[in-house]
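The values are calculated or read from the model by the stated rules, or taken from the named source; none is laboratory data. The structure displayed is predicted, hence computed values, not measured ones. Neighbour counts are summed over all protein chains in view; Cβ atoms, including those assigned to glycine, are modelled from backbone coordinates with ideal geometry.
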Amino acid sequence: MDAMDRVSPVPHDEAFKKLLETFFKEFIELFFPELDCMLDYSETRFLMQELLVDIVGEEARELDLLLETCYKGMDGFILIHLEPQSYRDTHFHERMFIYFSRLFERYRKEHKLIIPIAIFTADEVRDEPDMLTMKIPEHDILRFQFLKVELRKRNWRDFIYSDNPVAAALLAKMGYTEREAREVRLQYLRMFMRLRTRFDEARMALIMSVADLYFKPDPVQDEEILQELLEHYPEEGEAMMELMPAWKRWGYDEGKQEGKTEGKAEGKAEGKAEGKAEGKAEGKAEGKAEGKEEAQAEIIRKLLSHGFSPEKVAEAVGIPLEEIQKLK
């Protein structure tokens, strides 16, 4: 494999696999509705990770997700192999065939059907090969084709009215422009608030953790979005109140990381430039803090005007009751 053909995978693989494990049925419903109609999920179970030899890369590889379920009209179990792929690999379609052949060799007596599915999560938009063929004139020797989902080729607007948790978690991986980024974030938060009436805290935390891997943290923008949502959808105010502590944590974490990064950069800078860099960083930090405080104060006023008690607002935003009273 050429070095240029492969880039190290991003560190979201484990969270992504957990999403597929938890919401496997919802994933199939969302991207493969015809297959969904043919599956009986009542006896679905995930199997131990299979260690298969990848003869293309000459290395042993574990399959990401392998599960057993039932296919309607078939007397017996089938296997579904899910393989997320987050980086470019020109030999990936060959690897999928090797995995399929190893599974067929091992399970063909117990399972009547094996369905391989690849989920491409790279940021680039490109045509990913999903087929491996071999033939001679007038005769096909091999034609292997797996199912695939290429997230960047999906239009985000097609999913914003969905109540599917996988759609919410992966919305930021769909295709959209930079100008649409803020609207994507707003619609994700609306989807999240609708979903919270259907799922427990653990599942909602999983959805949020996967989505946050793809959204760039912007606490100030999130507070502006909250204010906008509150103005246009006051009936969702209670849900927004519960989301505010999470937004505050995102902001603090981002600020802490930014401070560490700036501190390291300053430590490496030459002594001559230290004063200038420090003043610039300090001014930038103060400006950000003032803007954030202003936006937060405006949101608090809006919450109070919509009938929320000062006590409840103080609890949600983590500000002393006396400060809330002053803004009132």
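Before moving on, here are some points about what is shown:
- Checking each residue in region 42-75 for being modelled with pLDDT under 70 and among the charged types (D, E, K, R) picks out Glu50, Asp54, Glu58, Glu59, Arg61, Glu62.
- Residue count for region 148-172, restricted to those that are under 21 Å from Ala122 (Cβ atoms) and crowded, with 18+ Cβ neighbours inside 10 Å: 14.
- So Phe97, is it modelled with pLDDT of 90 or more, under 19 Å from the mean Cα position of the chain (by Cα) and surrounded by 12 or more Cβ atoms within 10 Å (Cβ to Cβ): no
- In the set Ile160, Ile225, only one residue is of a type outside the set (Gly, Ala, Ser), within 27 Å of Leu35 (Cβ to Cβ) and in contact with a helix residue (DSSP H, G or I) (Cβ under 8 Å, 6 or more places away or on another chain); that residue is Ile160.
- Cβ-Cβ under 6 Å pairs, at least 6 apart or on other chains, region 151-178 side over 20 Å from Ser209 (Cβ atoms), far side of a type in the set (A, V, I, L, M, F, W, C) and in a loop (DSSP other than H, G, I, E, B): Arg152/Val125; Arg154/Met174
- Some residue of region 77-88 being in contact with a His (Cβ under 9 Å, 6 or more places away or on another chain), over 21 Å from Phe144 (Cβ atoms) and at pLDDT 85 or above: yes
- The set of residues from region 197-220 being among the polar types (S, T, N, Q) and either crowded, with 16+ Cβ neighbours inside 10 Å or touching a helix residue (DSSP H, G or I) at 6+ places or on another chain (Cβ under 8 Å) (or both) comprises just one member, Ser209.
- Region 173-193 - residue that is in a helix (DSSP H, G or I) and of a type in the set (Phe, Trp, Tyr) and, of those, surrounded by the fewest Cβ atoms within 10 Å (Cβ to Cβ): Phe192
- The residues of region 121-159 include none that are at pLDDT 95 or above, part of a loop (DSSP other than H, G, I, E, B) and aliphatic (A, V, I, L, M).
- Residues in region 103-117 that are in a helix (DSSP H, G or I) and surrounded by fewer than 18 Cβ atoms within 10 Å (Cβ to Cβ): Phe104, Glu105, Arg106.
- Residue that is farthest from the chain's Cα centre (by Cα) [pool: residues in region 16-41 that are charged (D, E, K, R) and modelled with pLDDT of 95 or more]: Glu34
- Considering each residue of region 91-100 in turn, at least one proves to be assigned to a loop (DSSP other than H, G, I, E, B) and farther than 28 Å from Pro219 by Cα.
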